[in-house]
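Down below is the structure, laid out as structure tokens.
Rule-based calculations on the coordinates, nothing more; no lab input. Everything quoted here is computed from the prediction, not taken from an experiment.
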Amino acid sequence: TDVAVAVAHPVVWPLAPHFVVAVTRPTVHIQPGSAGTTLVRVTSNGAWLASPVSVSVTGAPAGSAATLSPASGTLAVDATWASTLTVTRGQGQTGDFQLTVTACGLGICHDVPAFVVLQPDT
């Protein structure tokens, strides 16, 4: 009599393309009449295909401006792409504000907070 033996092997799925986004200095303090900057880094994993990524920012206080430069680029496999977040302060504003930085690529989007402290006039 023949006996069949089945051996189970774990199924290993390939790693899905993915990236993480981080702000290198999550809180930026800005003196009156000036601007503050920090770096936004987008880092891919080994399954990422060299593809375009874009970044955007929302939540700037009224009268102030928040920009990212460059706003888009190509993220390579196992690599980091960076953009500079610049916040230019409006007149007479003070307080703590939360911005949201969004990075998107290959239909995947991730948000990360960035905090701005507008120092009072002295």
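What the phi angles of region 100-107 give under the Karplus curve with 6.51, -1.76 and 1.60, with θ = phi - 60°, is a coupling list of 10, 9, 10, 10, 9, x, 6, x Hz, glycine and proline written as x. When the Gaussian network model of the chain links Cα atoms closer than 10 Å, the mean-square fluctuations of Gly95, Gly73, Gly36 top out at Gly95.
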